[in-house]
Amino acid sequence: MAPRPPFPPFDEETALRKVQAAEDAWNTRDPEAVALAYTEDSVWRNRDRFVTGRDEIVAFLREKWARELGYALRKELWSFGGDRIAVRFQYEYHDTAGRWWRAYGNELWEFAEDGLMRRREASIDDVRIAEEDRRIFGPRPAAERAVPLPVR
């Protein structure tokens, strides 16, 4: 597998780049492409689900994006050190009935020396929103990349 810069140990600039790269990749909603950022034996906890390895990651993401329609994500660096990064994030989606949701969450990431993520732990809560309350529309425009996420 090809290395995935930037590499640990992270400083603020490289951690910010890693977070933006993850946001950009997840906003493609391409499970195979997203999975390439993870080690072959990457271990995840996503809500109450446990996933191990790229094949399971791809299957998980296919299922997720079949259920979370119109998915659009924002991530924000929270902390970093050595080979670890913590982020907070928000994303919006609608379900098959057309109801809109905003998910709020935190992730803990651990990276291998080649820059691939070997561990991901995500805690996520969904809040029902009215369509007119949406604020995340597709990938983040460049002008909004340094704008912090609101708490609500």
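Per-residue surface analysis assigns ARG62 an accessible area of about 140 Å², computed on protein heavy atoms at 1.4 Å probe radius.
At a probe radius of 1.4 angstrom, the accessible area of the chain per residue rounds to 54 square angstrom. Per residue of the chain, the DSSP helices (runs of n ≥ 4 H) give a summed -39500 (n - 2.57) that works out to -7000 deg cm²/dmol at 222 nm. Does the chain come out rounded, prolate or oblate by the C-alpha gyration tensor, with a ≥ b ≥ c the root eigenvalues, rounded set by a/c under 1.5 and, if not, prolate when a/b is larger than b/c and oblate if not? Oblate. For the stretch 135-152, 3J(HN,Hα) computed residue by residue from phi via the Karplus equation (6.51, -1.76, 1.60; θ = phi - 60°) reads 9, 10, 10, x, x, 5, x, 3, 5, 9, 5, 9, 7, x, 6, x, 5, 10 Hz, glycine and proline entered as x. In the complete set of protein chains, residue-level accessible area for THR28 is approximately 80 Å², probe 1.4 angstrom.
Across the stretch 70-83, coupling constants 3J(HN,Hα) worked out from phi with the 6.51/-1.76/1.60 Karplus curve, θ = phi - 60°, read x, 3, 9, 10, 10, 10, 9, 4, 10, 6, 7, x, x, 9 Hz, and Gly and Pro carry x. How big is the accessible area of MET1 in square angstrom, nearest 10, if you roll a 1.4 angstrom probe over the protein chains? Around 120 Å² of this residue is reachable by solvent.
The values are calculated or read from the model by the stated rules, or taken from the named source; none is laboratory data. Fair warning: this is a prediction, and the values are worked out from it, not measured in the lab. Ligands, DNA and RNA are excluded from the accessible area calculation, which covers all protein heavy atoms including side chains. Shrake-Rupley method; radii C 1.70, N 1.55, O 1.52, S 1.80 Å.
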